[in-house]
Amino acid sequence: MSTPPLPDLLSLTPRELEELMTGLGEPKYRAAQIFPQLHRGVPPDEMSNLSLALRQKLKQAAVCRLPHIERKLLSALDGTAKYLLSLADGNCVESVLMQYEHGLTICISSQVGCRMGCRFCASTIGGRVRDLTPGELLGQVITVQKDCGARISNIVLMGIGEPLDNYENVVKFLHLVNDPAGLNIGYRHISLSTCGLADRIDRLREENLPITLSVSLHAPDDASRSAIMPINRRYGIDRLLESCRVYFAATGRRISFEYTLIAGKNDSVGQARRLAQLLTSRLRGKEKHGMPIHVNLIPVNEVEGTGFTHAGREAVRRFAAELESRGIRVTVRRTLGADINASCGQLRREYMQQANTEPAAETAENSTVTISQRGDG
Ligand code: SAH
């Protein structure tokens, strides 16, 4: 019989940490001494408020492994820093630290790779290797905060992976990172971006967490969306937008829509008009208090091998103007870190190509059965 793996301290809730302490014959309050330090990145070895004996006991009973900075690229243009972080098993993910007027924002990864198969995205090219644990999600914030020496106040789950495809771990992470004794990052300062797993959006609604949801829409009709996002064959636009409407009705939290502009695929004025009609009819409807609609336009980041190219500046301007003329609020996403390839997935891919260790992994194509069988139970 193999022994179960040791618990990862960074994945434990305060309650679970208490249980670990009592299991070790320690008083419960030890958990309250340990938790805040763990979340500031202090390894148990260095917790000076614990006796040497307890530090030894902890070392034998649990692990605490922060991601390790493998590479760091700093943008000379805007100070954006991109981190390639290695995990305990040697897998790598990316995190990006951005400086905004309202504070430091970190973009974190939710999985090693991704199986959603969006055609324009670098993160999904090798498929999904595995989910990140709550401690690894949190570890990205802790490691980067330690490295930059300033408080990170905002988190976006927009890096490698589909956060709602790693549902339980992501929700546990949200609770952990929000804990007042830990990093204490407010839910309103956290955004989660999804390619549109509608049943998981329904489930997230029930969690009652006032985070901000972003939905990657990228096309105004099923035919063009399915052509670039395989997930659309599972949850079509009608189903997805119905989940969004109910989410807003129940939580009052508005959802923003991501729209990556790709030359010749989804960037025509006609498509902008259809997008405005679609969102207005499904989300604003006839209700007086329908959802305010916000679209983030992102000029596509060209990824080698995908064949997709950037819509020109003029196409972006025309697309935005058409949406605005129809009462939709539009932000054209600023490109941060343009000189360091800051959009996620590209650094890991480059690193793996160098190491020549592309893992065998699931993709949307070879795992549709798994996806549809996972359901939500
Ligand atoms: N899986 C989630 C979060 C990760 S991707 C999601 O799909 O939302 C974060 C955002 O970057 C998504 O809107 C995604 O569609 C977009 N994206 C991926 N590759 C891109 C590229 N090459 N250029 C521009 N945006 C891209």
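The values are calculated or read from the model by the stated rules, or taken from the named source; none is laboratory data. In this text the structure is predicted, and so the values were computed from the model without any measurement. Counting neighbours? That spans all protein chains shown, and the Cβs are built from the backbone with ideal geometry, glycine included. Note: accessible area is taken over every heavy atom of the protein model, side chains too, but ligands, DNA and RNA are not part of it. Shrake-Rupley method; radii C 1.70, N 1.55, O 1.52, S 1.80 Å.
I need the full set of residues from the range 138-155 which are outside any helix (DSSP H, G or I) and open to solvent by 10 Å² or more (accessible area, probe 1.4 Å), in order please. Write out each step before concluding.
Step one: filter the range 138-155 for residues outside any helix (DSSP H, G or I), giving 149-155.
The answer is GLY149, ALA150, ARG151, SER153, ASN154.
Please find, among ASN91, ASN166, the residue that is open to solvent by 10 Å² or more (accessible area, probe 1.4 Å) and of a type in the set (S, T, N, Q).
Going through ASN91, ASN166 in turn, just one is open to solvent by 10 Å² or more (accessible area, probe 1.4 Å) and of a type in the set (S, T, N, Q): ASN91.
Are any residues in the range 113-137 surrounded by fewer than 24 Cβ atoms within 10 Å (Cβ to Cβ), away from the ligand (no atom under 11 Å from the Cβ) and either without any contact (Cβ under 8 Å) to a residue 40 or more places away in the chain or of a type in the set (A, V, I, L, M, F, W, C) (or both), and if so, which ones?
VAL129, ARG130, ASP131
Residues to consider are ARG245, ARG233, ARG253; find the one that is open to solvent by 50 Å² or more (accessible area, probe 1.4 Å) and within 24 Å of GLU207 (Cβ to Cβ). Talk me through it step by step, then tell me what you get.
Details: ARG233 fails: within 24 Å of GLU207 (Cβ to Cβ); ARG253 fails: open to solvent by 50 Å² or more (accessible area, probe 1.4 Å).
Just a single option satisfies the conditions, and that option is ARG245.
Rundown of residues vs (1) within 29 Å of ASP238 (Cβ to Cβ); (2) acidic (Asp, Glu); (3) open to solvent by less than 30 Å² (accessible area, probe 1.4 Å); (4) within 14 Å of the chain's Cα centre (by Cα), yes/no style:
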residue: ASP179; (1), (2), (3), (4): no, yes, no, no
residue: ILE190; (1), (2), (3), (4): yes, no, yes, yes
residue: ARG205; (1), (2), (3), (4): yes, no, no, no
residue: ASN208; (1), (2), (3), (4): yes, no, no, no
residue: PRO220; (1), (2), (3), (4): yes, no, yes, no
residue: ALA223; (1), (2), (3), (4): yes, no, no, no
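For the range 181-233, give me the residue count where each residue is farther than 30 Å from ILE142 by Cβ, in contact (Cβ under 8 Å) with a residue 40 or more places away in the chain, in contact with an Asp or Glu (Cβ under 7 Å, 6 or more places away or on another chain) and not in a loop (DSSP other than H, G, I, E, B).
Matching residues across the range 181-233 total 1.
Scan the range 153-180 for residues that are of a type in the set (Val, Ile, Thr) and within 21 Å of ASN301 (Cα to Cα) and jot them down.
Hits for the range 153-180 are VAL156, ILE160.
In the set GLY196, GLY182, which member is closer than 28 Å to ILE34 by Cβ, modelled with pLDDT of 95 or more and in the same structural domain as GLN145 (by TED's automatic domain parsing)? Show your work before the answer.
Working: GLY196 fails: closer than 28 Å to ILE34 by Cβ.
On inspection, the qualifying residue turns out to be GLY182.
Going by the structure shown, is GLY305 within 16 Å of the ligand (Cβ to nearest atom), under 28 Å from THR124 (Cα atoms), open to solvent by 30 Å² or more (accessible area, probe 1.4 Å) and free of Cβ contacts under 8 Å to residues at least 60 places away in the same chain?
no
Among the residues of the range 284-292, is there at least one that is more than 24 Å from SER123 (Cα to Cα) and surrounded by 18 or more Cβ atoms within 10 Å (Cβ to Cβ)?
Yes, the range 284-292 contains a residue that is more than 24 Å from SER123 (Cα to Cα) and surrounded by 18 or more Cβ atoms within 10 Å (Cβ to Cβ).
Could you please find all residues in the range 63-88 being out of contact with any Asp or Glu (no Cβ under 7 Å at 6 or more places or on another chain) and open to solvent by less than 10 Å² (accessible area, probe 1.4 Å)?
Matches in the range 63-88: THR80, ALA81.
Taking ALA263 and the conditions (1) open to solvent by 30 Å² or more (accessible area, probe 1.4 Å); (2) within 16 Å of the ligand (Cβ to nearest atom); (3) of a type in the set (Gly, Ala, Ser); (4) over 26 Å from the mean Cα position of the chain (by Cα), which numbered condition does it fall short on, given that it satisfies the others?
(4)
Let's see how each residue does on (1) over 21 Å from HIS310 (Cα atoms); (2) in contact with a Phe, Trp or Tyr (Cβ under 7 Å, 6 or more places away or on another chain); (3) among the small types (Gly, Ala, Ser):
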residue: LEU241; (1), (2), (3): yes, no, no
residue: VAL246; (1), (2), (3): yes, no, no
residue: ALA249; (1), (2), (3): yes, no, yes
residue: ARG254; (1), (2), (3): yes, yes, no
residue: TYR259; (1), (2), (3): no, no, no
residue: ALA263; (1), (2), (3): no, no, yes
residue: ASN266; (1), (2), (3): no, no, no
residue: ARG273; (1), (2), (3): no, no, no
